[in-house]
Every structure is written in structure tokens, then in C-alpha cells.
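The values are calculated or read from the model by the stated rules, or taken from the named source; none is laboratory data. Quick caveat, the model's predicted, so the values are computed rather than measured. Reconstructed Cβ throughout: ideal geometry from the backbone, glycine too, with neighbour counts over all protein chains shown.
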């Protein structure tokens, strides 16, 4: 095999497929990037058996062939080569990488040993702009669970229903929901996608409004196709939580507030809280203003913000991090918060409910 690449094209492809190389594995072949130039295209593939990525690379095929190279060593070599054409040649399993006056020899592994991406029937799919998908992930991914105690909580629900895509995440303390109207009519679907897959997808997507992504739904897999790249991921099995039963439109107190002011105030308050501390921010809602205060071993802070209020006065406590996470991803300048009582969750949502953030309060001693 003999291939010639421009460095930036080669590096771009390596950076895409590196996201599916496992950090730990008992199968050394999975630590490799498969370079497949056996046909008329050059394809790079990686696969950790949960997530697989394949991308087509711009380059010249002088001699066809295929080989699997250690991803870490290969990527480090390419990264540090000069900005010039790079030639990759193989003689059996011995691989030579040449660029200007640099020449590396590294051993490869047989391409037949590599685990190719699973075949997935591409029948049911939806099309979105890459910008939309990237934003929906950004605005929900922070509230998936990080521990594996409940596997379903480590993923996000992707639900297509009534011409609407709904993405949901929850970790037992909060729920994040984003909804988007689809341009076409699609069959109803409901699947749970691993958070790791969505995090990695988000890094690869261009985020441009004009660029599209096709999302294919299969029984055990989801496939994302965009920009010469295919990402295949296993799904999380099981029945997702009944989200609609957790949502309520009832409220006793409705607060309209400037999002930036509220976010900045909570941000300042957390200066007095160590990560290990579980100190709540205590919010007192009164006519015309909201008072926020926090007390910790480092010190105390109190601040007032102007609000518009409907309904009852209320004293309630929250984990400040959960409020910050939600506020950071809302783009609206003015937001509305709905509350019932000090023990019930608060809801931050817009009129169309294109986003809904549910946050459970915490107990505190006043």
C-alpha cells in the first residue's frame, strides 16, 4: 500500500476517529486505526465495540491496500511532522511514514483482525442541521448521571413524536428537555443514546446551520452520517423513565427575571463554596425582588435582584451548581421560573416549552 496525504487532511481525519479508540481494552487491535485503501477511497475506522467511527480521507492512492496502526503512536507521529505531504507505505506489516527529511518505521497489524463497524439497516431516519443537533446536546448533556448505577441515566432519550424531536436527560436531581419541530413527517421513535456517544459527536459536528446530519434509528444502534463521516453507536437498552408524569404545569409562584443577572449573582455566591461543601443557595422570593444568600465556612453573601412576581412569596433552597448549569445553556435574555412550594421542583421553561429545566430543591435550616 502507498498513500499520499496533505498533513492537515490526515490530521483532521485522525482527530475524528481517535474519539472511538478505547483508553483501556483487553483487545490490542481496538487500540488501532484501520487504514483501508483497498477500494477507490481511503477510509479510517476505529471501534471500541460500543462506539465506532469511520471517515473518508482526502488523499492519493498510489498502491491499494489496508493496515491497522497503533492509534496513539500514529497520531503523535503525524502531529509532529512538518506541514508538508506525508507518504505512508506498507511492506507486509512494516509501515514507513515519510515527510520531507523525516522517516518513521512502525509495525502494523493485519487489517483482517480489525472489528469493522456493525452493519445497520438504514431505513428510519431524520435529518437535522448540525447546528441544531450540537445545540440540543449542549443544552441537555450536563444533566446525565456520571455513575453507572442506573445505566439509563447515563444516556439521553431521543424521541420522535408528532413531527417533533425531544431530547431528555436526567440524573435524579434534575431533568433537562429540549424540543425541536422537524421539517418533515417521520415515524414515531424512542431510543436511549449513550452520553459518551453524544459528547464525542458534538466535538466532531461542524455546528454550521447549512450542514446537515442524517440520524438513522435501528433496533440496537443509532447511526449519524455527516461530512464524509459515519458514527455508529450501540443504544442503552430498557424502558426510559416516564418523563411526562414528572412534569407539571401547576404553580403557586411565577417569577420573571433577567437571566444574566441571576446567573452572575449565583456565580458570585459560589466563590464562597468549596466543591466538597453541599451548601445550598437560599432564595427568598418577594414582591418586586428576589434575595439570594449563601453562608459557608469561608463567609457569607447576600444580594437582591429585581423581578416580576405572580403568586405567593416563597423561601426555597437549591444546589447552586444545578441552577448555573441550566442558566448557562439558555439563550433567552428574560426567563420565567415556576415554583410550587419549598419541597417541590422548580421549572424554568419558555412559553413554547422548547426547553424545560426541572431542578429539585434542597433542605436547609433558615
* Structure fact -> A careful count of residues in the stretch 232-262 that are part of a strand (DSSP E or B) and touching a helix residue (DSSP H, G or I) at 6+ places or on another chain (Cβ under 6 Å) gives 1
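Condition test on residue 302, is it without any contact (Cβ under 8 Å) to a residue 12 or more places away in the chain, more than 17 Å from residue 259 (Cβ to Cβ) and in the same structural domain as residue 290 (by TED's automatic domain parsing)? Full working, then the answer.
Numbers: without any contact (Cβ under 8 Å) to a residue 12 or more places away in the chain: yes; more than 17 Å from residue 259 (Cβ to Cβ): yes; in the same structural domain as residue 290 (by TED's automatic domain parsing): yes.
When the stated conditions are applied, residue 302 passes them.
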* Among the candidates 87, 160, single out the residue that is modelled with pLDDT of 95 or more and under 30 Å from residue 184 (Cα atoms). => 160
* Structure fact -> Taking the stretch 297-334 and keeping only residues that are assigned to a loop (DSSP other than H, G, I, E, B), surrounded by fewer than 18 Cβ atoms within 10 Å (Cβ to Cβ) and within 33 Å of the chain's Cα centre (by Cα), one is left with 330, 331, 332, 333
* The one condition in (1) in contact with a strand residue (DSSP E or B) (Cβ under 8 Å, 6 or more places away or on another chain); (2) free of Cβ contacts under 8 Å to residues at least 40 places away in the same chain; (3) buried (at least 17 other Cβ atoms within 10 Å of the Cβ) that residue 48 fails to fulfil -> (1)
* Among (1) modelled with pLDDT of 95 or more; (2) under 23 Å from residue 235 (Cβ atoms); (3) not in a strand (DSSP E or B), the one test that residue 29 misses -> (2)
* To do: Would you check which residues across the stretch 181-223 are free of Cβ contacts under 8 Å to residues at least 60 places away in the same chain and closer than 13 Å to residue 137 by Cβ and list them?
  => 193, 195
* Spot the failing condition for residue 287; the list is (1) loosely packed, with under 13 Cβ neighbours inside 10 Å; (2) without any contact (Cβ under 8 Å) to a residue 60 or more places away in the chain; (3) in contact with a helix residue (DSSP H, G or I) (Cβ under 6 Å, 6 or more places away or on another chain), and only one is missed. => (3)
* What do you reckon, is residue 127 under 30 Å from residue 171 (Cα atoms) and surrounded by fewer than 16 Cβ atoms within 10 Å (Cβ to Cβ)? -> yes
